[in-house]
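The next block holds one structure in the form of structure tokens; read it before the comments.
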Amino acid sequence: MSETTANAVLEIDLDAIAANWATLAAGAAPADCAGVVKADAYGLGLDRVAPVLREAGCRTFFVAQIDEGIALRRLLGDAEIAVLSAPVAGVEQIYADNRLMPVIGDLPSLRAWRAAGEPGPSALHVDTGMTRLGFNPSEVQLVAAERPSGAAIVMSHLACADEPDHPLNPAQRDAFAEVVEAIGCGARASLANSSGIFLGAGYRFDLARPGMALYGLNPTPERPNPMRPAVTLRGRILQVRRIDTEVPVGYGATARVRPSAKLVTIGVGYADGLLRSLSGRGCVYLGGSRLPLVGRVSMDLIVADATHAPEADVRPGAWVEIIGPRQSPDDLAGEAGTIGYEILTSLGHRYARRWHRAEGPSE
Ligand SMILES: *Cc1c(COP(=O)(O)O)cnc(C)c1O
């Protein structure tokens with residue numbers, strides 16, 4: 001897809017992602033800093049993002065699924081790759097062949113890995129309050145008894161790290177410290193995700209696991225974003241329409257516009273990740289003008305109100321900002337009733353994608 005033919009252009013700033021990793025690594029120090037690149041590096045392109053993180057100094061990577069790990073191994077021969085949420089029993093050899101580290105969080109998986117002769121290093125995941133994946137705290141003694149000699153990482157995951165005053169944070173931190181005491185010896189302890197890095201020294205342990213903040217989302221939602229934005233998305237105006245009688249707009253005729261309004265139709269829709277929950281709520285920017293969306297988001301199109309934009313700007317072929325300096329992915333998420341993570345991982349595949357890399361490796 002080229003910029004000439006595509007209706008939208010997604011630009012990804014790889015320098016910003018590298019700089020964000022360096023910022024997070026500095027914040028996590030003296031702990032090490034990994035990089036979480038699951039879901040195609042949060043929608044921004046694993047094959048582009050992972051080598052840049054590696055160059056920036058990241059050595060440990062987390063993915064969610066085995067196939068993501070295999071793809072990452074092809075890109076990075078020398079990285080440590082842990083697979084967060086995939087089966088272990090029956091696929092031990094696949095982990096071994098690709099030098100992937102299973103993140104083990106249940107006794108049957110642990111026993112299967114042991115029975116296979118521990119074909120490589122592993123990570124042990126203890127659930128301290130998320131109630132999702134990981135050993136129950138009550139199983140920790142059993143895990144300690146079985147303790148695999150190859151356990152390289154002991155980890156847990158924070159449920160409320162983006163709410164600094166949430167009582168679950170210190171509760172999970174203290175529970176995790178006990179887990180590390182019980183089964184940790186020699187393994188690196190890892191608790192903090194992006195937001196966890198900002199909770200303070202007690203949450204650092206040995207290895208941080210940031211994802212979202214690498215990609216420019218705000219890990220401190222109650223404070224200004226310390227990260228560099230990494231994504232811009234612009235869409236093309238396909239048609240400009242001057243309204244001379246009151247008319248309904250879009251599917252369901254949920255909106256009506258008055259005579260003398262000026263509408264623009266833009267070639268981006270929910271099939272491109274512009275969530276349908278933005279219907280009648282979101283906005284885009286044309287130059288400095290805010291254009292509220294009118295009516296429902298369609299599969300391939302949105303309609304926005306350009307009545308108050310300067311006449312010269314409002315023309316077919318002009319580009320509107322959907323994500324950029326005036327509207328971050330977090331802002332768009334707020335309008336859509338979701339989180340920035342869902343905006344990024346929903347980004348569509350019809351965009352012309354550009355990855356920018358001007359700055360070289362920092363060393
Ligand atoms: C996704 C994930 C992370 C990264 O979280 P962010 O909030 O994106 O920084 C870290 N650890 C685990 C277990 C995860 O699933």
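The values are calculated or read from the model by the stated rules, or taken from the named source; none is laboratory data. What you see is a predicted model, and the numbers here were worked out from it, not measured in a lab. Here the Cβ is made from the backbone with ideal geometry for all residues, glycine too, and neighbour counts use every protein chain on show. Protein only, heavy atoms only, side chains kept; ligands, DNA and RNA dropped before computing areas. Shrake-Rupley method; radii C 1.70, N 1.55, O 1.52, S 1.80 Å.
Before moving on, here are some points about what is shown:
- Where a residue in the range 23-40 is on the phi > 0 side of the Ramachandran plot and its partner, wherever it lies, is within 13 Å of the ligand (Cβ to nearest atom) and open to solvent by 10 Å² or more (accessible area, probe 1.4 Å), with Cβ under 6 Å and at least six apart: Ala39/Thr345
- Test: residue in the range 278-301 that is surrounded by fewer than 20 Cβ atoms within 10 Å (Cβ to Cβ), aliphatic (A, V, I, L, M) and more than 22 Å from Arg350 (Cβ to Cβ): no
- Any hit, the range 182-194, residues being assigned to a loop (DSSP other than H, G, I, E, B), open to solvent by less than 10 Å² (accessible area, probe 1.4 Å) and not aliphatic (A, V, I, L, M): yes
- Pair list, Cβ under 7 Å, 6 or more apart: the range 113-139 residue within 13 Å of the ligand (Cβ to nearest atom), other residue hydroxyl-bearing (Ser, Thr, Tyr): His125/Ser156; Val126/Ser156; Asp127/Ser156; Thr128/Ser156; Leu133/Ser85; Gly134/Ser156
- Residue satisfying condition, being closer than 17 Å to Thr345 by Cα and surrounded by fewer than 17 Cβ atoms within 10 Å (Cβ to Cβ), within set Ala8, Ala50, Ala64: Ala64
- In the range 304-363, the qualifying residues are those that are of a type in the set (A, V, I, L, M) and exposed (fewer than 15 other Cβ atoms within 10 Å of the Cβ), and the one that is farthest from Asn7 (Cα to Cα) is Ala358.
- Failed item, numbered, when Ile70 is tested on (1) within 20 Å of the chain's Cα centre (by Cα); (2) within 16 Å of the ligand (Cβ to nearest atom); (3) modelled with pLDDT of 95 or more: (2)
- For beta carbons closer than 8 Å, sequence separation of 6+ or different chains, a first residue in the range 166-180 that is crowded, with 16+ Cβ neighbours inside 10 Å and a second that is β-branched (Val, Ile, Thr) and not in a helix (DSSP H, G or I), the qualifying pairs are Gln172/Thr128; Ala175/Thr128; Phe176/Val126; Phe176/Thr128; Val179/Val126; Val179/Thr128; Val179/Val154; Val180/Val154.
- Of the strands (runs of 3 or more DSSP E) lying entirely inside the range 280-363, those containing at least 1 residues that are in contact with a strand residue (DSSP E or B) (Cβ under 7 Å, 6 or more places away or on another chain) and within 19 Å of Pro229 (Cα to Cα) span 283-286, 319-323, 352-356.
- Test: Val103 is within 13 Å of the ligand (Cβ to nearest atom), touching an Asp or Glu at 6+ places or on another chain (Cβ under 8 Å) and either open to solvent by less than 30 Å² (accessible area, probe 1.4 Å) or without any contact (Cβ under 8 Å) to a residue 60 or more places away in the chain (or both): no
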